[in-house]
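Visitor: What follows is a structure written as C-alpha cells; I'll ask about it next.
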Amino acid sequence: GVNYTYHEGNATTTALMLKTPVVEKGVMPEPTIANARLTDHFGYEYTGHIEVPADGIWEFLVKSDDGSALHINGKLVVDNDGGHAAVAATGRVALAKGQHKFRLLYFEDYEGEELSWAWKAPGKSEFEPIPVEALYCK
C-alpha cells in the first residue's frame, strides 16, 4: 500500500497544493483519487516504496488532469505540473533491483479529475500499470 495525505484548497501547482489544509491521512492500496471528498480544489501526496524487479533504466508515465509530479529516491522523475487537461508526461531513471522511495503529488484545480501512473521495464516497448503488489508503505 501507500501512505496518503489528502488536502483541500485552491492550488495551481503541486508545491502550492502542499500548503493547503490537510483534511485526512491514511493508507490505501495504490494511488487513487476515487475517494476524494470534492470534485475540484483538492490534492494528494502519496508516499511509500516501490519494488523494482530488475536493474536498469526504468521509464515512468504519469497522466493527470490537473498537475502531478513523481519523485523517486528524492529525484524528480516525471514533471506534469500546472493546470491542464488530461495529459501524460514521462521520465526515465536508472534503478537497481529492490525497493525505492517514491513520492507522487497530484492536485485538481477545476473540472476533469484524472490520475494514473505506469512503468516501462528495461527492454520493454509498452507501459504497464504499476502492480499493487509492488507498493509498500513503511
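The values are calculated or read from the model by the stated rules, or taken from the named source; none is laboratory data. Owing to the predicted nature of the structure, the values given are computational and were not obtained by experimental measurement. Please note: Cβ atoms are built from the backbone with ideal geometry, for glycine as well, and neighbour counts cover all protein chains shown. Remember, those area values only see protein heavy atoms, side chains included, never the ligands or the DNA or RNA. Shrake-Rupley method; radii C 1.70, N 1.55, O 1.52, S 1.80 Å.
Visitor: Trypsin sites (Lys or Arg not before Pro), restricted to the stretch 1-79: which are DSSP loop and have at most 11 other Cβ atoms within 10 Å?
Guide: Numbers: sites: Lys19, Lys25, Arg37, Lys63, Lys75; in loops: Lys19, Arg37.
The qualifying sites are Lys19, Arg37.
Visitor: How high is the relative contact order of the stretch 32-112, in percent, counting Cα pairs under 8 Å that sit 6 or more residues apart? Could you put the intermediate results ahead of the total?
Guide: On the way: 192 pairs, mean separation 34.2, N = 81.
About 42 percent, as a whole number.
Visitor: Also: At a threshold of 8 angstrom on Cα-Cα distance, excluding pairs fewer than six apart, so keeping six or more, what relative contact order does the stretch 3-138 reach in percent? Can you show the working numbers first?
Guide: Values: 367 pairs, mean separation 41.2, N = 136.
Across the stretch 3-138, relative contact order equals 30 percent.
Visitor: Round to a whole number: what % of the accessible area of the stretch 86-138 belongs to carbon and sulfur, probe 1.4 Å? Each step should come with its number before you reach the end.
Guide: Values: 1490 of 3050 Å².
The value for the stretch 86-138 is 49 percent carbon and sulfur by accessible area.
Visitor: Protein chains only, probe 1.4 Å: how do Leu115, Leu38 rank by accessible area, largest first?
Guide: I get Leu38, Leu115, largest accessible area first.
Visitor: Kindly write out, for the stretch 102-118 in residue order, the coupling ³J(HN,Hα) from the Karplus curve 6.51 cos²θ - 1.76 cosθ + 1.60 (θ = phi - 60°), rounded to whole Hz, with x marking Gly and Pro.
Guide: Computed from phi, the couplings for the stretch 102-118 are 9, 9, 10, 10, 8, 9, 10, 8, 8, 6, x, 9, 7, 8, 8, 9, 7 Hz.
Visitor: So how do Ser125, Ser64 rank on accessible area, 1.4 Å probe, biggest first, that is with the largest at the start?
Guide: Details: Ser125 95, Ser64 0 Å².
These residues rank, largest area first, as Ser125, Ser64.
Visitor: For the stretch 17-24, just list the computed ³J(HN,Hα) in residue order, Karplus coefficients 6.51, -1.76 and 1.60, θ = phi - 60°, integers in Hz, with x standing in for Gly and Pro.
Guide: Running phi through 6.51 cos²θ - 1.76 cosθ + 1.60 with θ = phi - 60° gives 4, 5, 8, 7, x, 7, 9, 7 Hz.
Visitor: Which trypsin sites (Lys or Arg not before Pro) does the stretch 92-126 hold that lie in a coil by DSSP with at most 16 other beta carbons within 10 Å? Intermediate values should be presented prior to the final figure.
Guide: On the way: sites: Arg92, Lys97, Lys101, Arg103, Lys120, Lys124; in loops: Lys97, Lys124.
Those satisfying the criteria are Lys97, Lys124.
Visitor: Please enumerate, by chain and number, the lysines with C-alpha under 18 Å from the C-alpha of Lys25, excluding those fewer than 8 residues away in the same chain.
Guide: Of all the lysines, those that pass the test against Lys25 - Cα under 18 Å, at least 8 places apart if same chain - are Lys138.
Visitor: How about the stretch 93-138: which GluC sites (Glu not before Pro) there are in a DSSP loop, with at most 11 other Cβ atoms within 10 Å of their Cβ?
Guide: Working: sites: Glu108, Glu111, Glu113, Glu114, Glu126, Glu133; in loops: Glu111, Glu113, Glu126.
Those that pass, being in a loop and sparsely packed, are Glu111, Glu126.
Visitor: Write down the accessible area per residue of the stretch 56-136 in Å², having rolled a 1.4 Å probe over the full set of protein chains. Write down the numbers at each step before the final one.
Guide: Numbers: 3900 Å² over 81 residues.
It amounts to 48 Å² per residue over the stretch 56-136.
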